[in-house]
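Data first, discussion second: the structure below is written as structure tokens.
The values are calculated or read from the model by the stated rules, or taken from the named source; none is laboratory data. This one's a predicted model, so the numbers in the text were calculated from it and none came from an experiment. Every residue, glycine among them, receives a Cβ derived from its backbone with ideal geometry; neighbour counts consider all protein chains shown.
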Amino acid sequence: MQSSLPLTIDRAAGLPLHLQLAEQFRAAVLDGRLQAGHRLPSTRDLARELGVSRSVTQAAYDQLHAEGWIEGRTGAGTFVTDVVPLQPAVRRRPAHRPDADAKLLTLRPGIPYIAPTPDPGWRRAWREVSTQSPPRGYDDAAGLPALRAALADHVARVRGIACGPENVLVTNGTVHGLRLLLTVTRQPGDRIAIEDPGYLNAVVAARDHRLEIVDVPVDEDGLQVDALTEAAAVYVTPSHQYPLGGRLPVARRNELVRWARRTGSLLIEDDYDSEFRYDVAPLPALAQLDLERVVHLGTLSKTLSPALRLGWLVASEAMVDRLATFRADSGDWPGWPMQAAMLAMLRDGYLDQAVRRGRRMYADRRTHTCAVLSPYGQIVGQDAGLHITLLLPDDADDLRIAAAAREAGVVVAPLSEYRRTVPGPPGLVIGYATPSTSDLHRALTILTEILSRR
């Protein structure tokens, strides 16, 4: 039905009647059909005109009055206001563009193989979570107590760190733990030493916190401790230097800890893929030498999936308390379902199973990758992890080679992306974990064709 106002009721529409009236009223004001100062019929008269109950028109007027479209004047009636409320800006969504890399074969480092179907251990963990009720309030800012205890046992067993639950803080991954640590312990202008070449996200985190970055050279054994200068913190990847792959030997580890004790510096140990060694057992973590001076960062990104966004930080009890206090105020910690699933995976032995399975599969892929690429340069970092680095002749342009590979359908990282000020040879950082075995073979075939034309 229609009324003297430009309003229509459609009883077949899914929208409640009073919202229909309010919506049409707004449109009439915006397009000029109803002007400021226009006197409106009473709710009783409008209800009679439209053939609806008065409660419908009263609800519509109440809504419009609350939004500022109309106003009541004592003894005079209801009028359209002369101030039109601001409307939300129209957001034009850009047309959806498919991921340009979705159809490319990727040899990017640092991402494990994800099977197309979940295995039984993964399903068991999530079934267990689904049978539990969530906490009644906010959970512990340091992480679920049972998960912290399980992680303390885990890192003691596989990384040699003697610690308890009080030394463990659950994180959203390595970068999250690093950023939290920098936020709480560092001030703008502090100096932080970072390996060069090194992990780009660590550099970005330091820059975002306005720290002064000190580039420290690395060699075949990792960070050159004798090149360190004054710094409040040192970010280091001792188990598998990223991206060149050196393993910091015991003597150099001891030297680094002694240097930190002497200077008061904080050592930040990124233990990103220590689970995967193919020659000997992994060296114990740097943190087992001194939890007062070393903060250990671990992650599930290389063993299960980066999409889990879960990891852990191991440090002194005082440091964990300090970080947890900050997180309690900021609300920045992993959600309960993810933590509960991680706990189930640890208790069930699923994480250990995934590491053993991955170690066997990646060892075969590493062997194949090295055999295919060895004619084109020097391979380093092949004893551990999920990638190798191919060092190219000095006259090679790794950026151009990476661009040509992308044109041919393969994503590969040029070593130049990881360098800052310390000079070194060009190269390619090649991950062999992400693709299926058949896709890995195809990608390497394409890459060798490009290297042959260099």
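Step by step: first the residues of the stretch 309-320, then only those that are in contact (Cβ under 8 Å) with a residue 40 or more places away in the chain and surrounded by fewer than 20 Cβ atoms within 10 Å (Cβ to Cβ), then the one that is nearest to Glu269 (Cα to Cα). Which residue is that?
Ser316
Here is a yes/no grid of residues against (1) among the β-branched types (Val, Ile, Thr); (2) surrounded by 12 or more Cβ atoms within 10 Å (Cβ to Cβ); (3) closer than 13 Å to Leu7 by Cβ:
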position: Gly37; (1), (2), (3): no, no, no
position: Pro41; (1), (2), (3): no, yes, yes
position: Asp45; (1), (2), (3): no, yes, yes
position: Glu49; (1), (2), (3): no, yes, yes
position: Val52; (1), (2), (3): yes, yes, yes
position: Val56; (1), (2), (3): yes, yes, yes
position: Tyr61; (1), (2), (3): no, yes, yes
position: Gly68; (1), (2), (3): no, yes, no
position: Phe79; (1), (2), (3): no, yes, no
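Which one of Ala115, Ala95 is at pLDDT 85 or above and not assigned by TED's automatic domain parsing to the domain that holds Val412?
Ala115
Please note which strands (runs of 3 or more DSSP E) are completely contained in the stretch 180-274 and include at least 3 residues that are under 17 Å from Leu289 (Cα atoms).
233-236, 266-270
Given the criterion modelled with pLDDT of 95 or more, part of a strand (DSSP E or B), over 23 Å from Val203 (Cβ atoms) and not hydroxyl-bearing (Ser, Thr, Tyr), identify the matching residue among Ile430, Ile379, Ile388.
Ile379
So the check is Cβ under 9 Å with 6+ separation or different chains; which pairs have a first residue in the stretch 222-251 that's closer than 18 Å to Gly431 by Cβ and a second one that's among the aliphatic types (A, V, I, L, M) and in a loop (DSSP other than H, G, I, E, B)?
That search, which allows pairs on different chains as well, returns Thr237/Leu248; Ser239/Leu248; Ser239/Leu283; Ser239/Ala285; Gln241/Leu248.
Is it the case that Val225 is in contact with a Lys or Arg (Cβ under 7 Å, 6 or more places away or on another chain), at pLDDT 95 or above and over 18 Å from Pro188 (Cα atoms)?
Yes.
For the stretch 7-28, what are the residues that are surrounded by 19 or more Cβ atoms within 10 Å (Cβ to Cβ) and either in contact with a His (Cβ under 8 Å, 6 or more places away or on another chain) or at pLDDT below 85 (or both)?
Leu7
When you check Ser316 against the structure, is it among the hydroxyl-bearing types (Ser, Thr, Tyr) and farther than 20 Å from Ser239 by Cα, yes or no?
When the stated conditions are applied, Ser316 passes them.
If we scan the stretch 133-141, do we find a residue that is farther than 14 Å from Arg322 by Cβ and not in a loop (DSSP other than H, G, I, E, B)?
Within the stretch 133-141, none of the residues are farther than 14 Å from Arg322 by Cβ and not in a loop (DSSP other than H, G, I, E, B).
Is there a residue in the stretch 359-369 that is surrounded by 15 or more Cβ atoms within 10 Å (Cβ to Cβ), free of Cβ contacts under 8 Å to residues at least 40 places away in the same chain and out of contact with any Phe, Trp or Tyr (no Cβ under 7 Å at 6 or more places or on another chain)?
The answer is no; no qualifying residue exists.
Would you check if there is a residue in the stretch 155-176 being assigned to a helix (DSSP H, G or I), hydroxyl-bearing (Ser, Thr, Tyr) and touching a residue at least 40 places away in the same chain (Cβ under 8 Å)?
There is at least one residue in the stretch 155-176 that is assigned to a helix (DSSP H, G or I), hydroxyl-bearing (Ser, Thr, Tyr) and touching a residue at least 40 places away in the same chain (Cβ under 8 Å).
Being surrounded by 20 or more Cβ atoms within 10 Å (Cβ to Cβ) and either closer than 16 Å to Glu275 by Cβ or among the basic types (Lys, Arg) (or both) narrows it down to one residue among Ala402, Ala340, Ala354; which is it?
Ala354
Quick test for you: out of Arg293, Arg277, Arg261, pick the one residue that is of a type outside the set (Val, Ile, Thr) and in contact with a Leu (Cβ under 8 Å, 6 or more places away or on another chain).
After applying the criteria, what remains is Arg293.
Which one is nearest to the chain's Cα centre (by Cα) among residues in the stretch 240-287 that are modelled with pLDDT of 95 or more and of a type in the set (Ser, Thr, Tyr)?
By that ranking, first place goes to Tyr242.
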